[in-house]
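Asker: Have a look at this one.
Just so you know, all these numbers are worked out from the coordinates, no wet-lab data involved. Quantities reported herein were computed from a predicted structural model and do not represent experimental measurements. Cβ atoms come from the backbone with ideal geometry, glycine included; neighbour counts cover every protein chain shown.
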Amino acid sequence: MQMKAEKMSIDRRAAIGCIVGSAVGIGAAKAAVRQVKPPIVDTHIHLFDPTRPQGVPYAGAPNLPTAKTGAFPSVYRSIAEPLGVVGAMKIEASPWPEDNLWALNTIERDDIMLGMIGNLRIELSDFAETLARYSKHPLFRGLRYGNIWGYDIVAQSRQPVFLEGVRRLADTGLVLETANPRLDLLEAMVRIGDAVPNVRLVLDHMPAFVPMAQEQAKYDALLRELGARPQIYCKLSAVIKVIDGQTRLDLAPYKSRLDTLFDTFGENRVMFGSDWPNSDRLAPIVSAVSLARAYFSSKSYSVQEKYFWRNSKNVYKWTTRSSEQKRLLR
């Protein structure tokens, strides 16, 4: 049994080895990813329909095909399922309150979708009533609030009305998720976490934030503060960047930052997110999956499982819908 387990581990690393390098072929990457387990729950995708009569306030990068044809669960399934994805979370990117309902109606129709993180103004007087309605839907798993839509989470994190709304959200069992990290946003999340200790907080796109030299000491101190709070979770999403004029798909330029974030939050508080279809601006989703597989290939299968799907269950409290998702929990 031990020899068999070791052989499986070697085979798994060999498959990943095919995709590490700056000149990764998409066909080879797809072939390698298909051999690698565990399955994936993608905690960060966006959905929208630009063909609606009223249009959409956000449709991703205008040069992408989805900006015209739309980003739907069926489109996502067709490209993500062959890569081992068995479930996904839709993260709201529209400031229109009625689009929460559009999103719920859309994800209800495809069981690859495990839920959504919506958009409600926590500081408004009707928040309690609106939250009470949406929280009854099993696919509504939390709210997004951060550096987006003109919201000011830094200022709101000091306001009693906002913090009372966060307490209500926490008592309902839902998540508060940020948008687009900066130093002042991270400071705000420390304040919110201290004021509402039972709220589960999710930091998105943390690898994308690279502090300037004069910010590094403050950033390091904030990471220590965030890491010390067990209710704060981190998405290792939006990893791929253009470096020196080239989109880098190999692990080398990202490993140190990923190491820092993994060491800060630990194996129980990190999650995979592709940021599809925004990620297509730089590389197809197979590249995001391949890079994540490469980074975690040196870690135990148990740690890989946590990152790729188990931690998302603990954070979002999603309920299985498909047979593939049900198999995860057996």
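Asker: Distance cut-off 19 Å, Cα to Cα: go down the list Lys90/Lys241; Lys235/Lys313; Lys241/Lys313; Lys37/Lys317; Lys255/Lys317; Lys241/Lys299 and report the pairs above it.
Answerer: In this structure, Lys90/Lys241; Lys241/Lys313; Lys37/Lys317; Lys255/Lys317; Lys241/Lys299 exceed 19 Å between Cα atoms.
Asker: Among Tyr151, Pro53, Gly227, whose Cα lies farthest out toward the positive end of the dipole of the chain, if unit charges sit on the beta carbon of Lys, Arg (+1) and Asp, Glu (-1)?
Answerer: Gly227
Asker: Round to the nearest 10 and give me the degree value, 0 to 90, for the angle of helix 285-296's Cα axis relative to the longest principal axis of the chain.
Answerer: The two axes meet at around 70 degrees.
Asker: Would you kindly derive the ³J(HN,Hα) couplings of the range 247-264 from the backbone phi angles with the Karplus curve 6.51 cos²θ - 1.76 cosθ + 1.60 (θ = phi - 60°), listing them in order in whole Hz, with x for Gly and Pro?
Answerer: 6, 8, 10, 8, 6, 3, x, 10, 4, 4, 5, 5, 4, 4, 5, 5, 5, 5
Asker: Classify the range 186-330: rounded, prolate or oblate, from the alpha-carbon gyration tensor (a ≥ b ≥ c, eigenvalue square roots; a/c under 1.5 rounded; otherwise prolate if a/b is larger than b/c)? Spell out each step's value before the answer.
Answerer: Numbers: a/c = 1.76, a/b = 1.04, b/c = 1.69.
In terms of gyration-tensor shape, oblate.
Asker: Still on this structure, please answer the following. Under 5 Å between amide H atoms, partner at least 5 residues away or on a different chain: which partners does Ala61 have, H built in plane at 1.01 Å?
Answerer: Amide H neighbours of Ala61, under 5 Å, 5+ apart: none.
Asker: Give me the Kirkwood hydrodynamic radius of the chain in Å, from all C-alpha pairs, to one decimal place?
Answerer: Computed over the chain, the radius equals 20.3 Å.
Asker: In addition: Using a ≥ b ≥ c from the Cα gyration tensor of the range 143-207 (square roots of the eigenvalues), is it rounded, prolate or oblate, where a/c under 1.5 gives rounded and otherwise the larger of a/b and b/c decides, a/b for prolate?
Answerer: It comes out prolate by the Cα gyration axes.
Asker: With only Lys, Arg, Asp and Glu charged, each at its Cβ (+1 for the first two, -1 for the last two), find how big the charge dipole of the chain is about the Cα centre; round to the nearest 20 debye.
Answerer: 1100
Asker: Quick one: which of 51-61, 92-102 comes out on top by average Cβ neighbours within 10 Å, and what's the full order, highest first?
Answerer: 92-102, 51-61
Asker: Next up: Of Ala71, Thr264, Ser125, which is farthest towards the positive pole of the range 2-318's charge dipole, taken about the Cα centre with +1 and -1 on the beta-carbons of Lys, Arg and Asp, Glu respectively?
Answerer: Thr264
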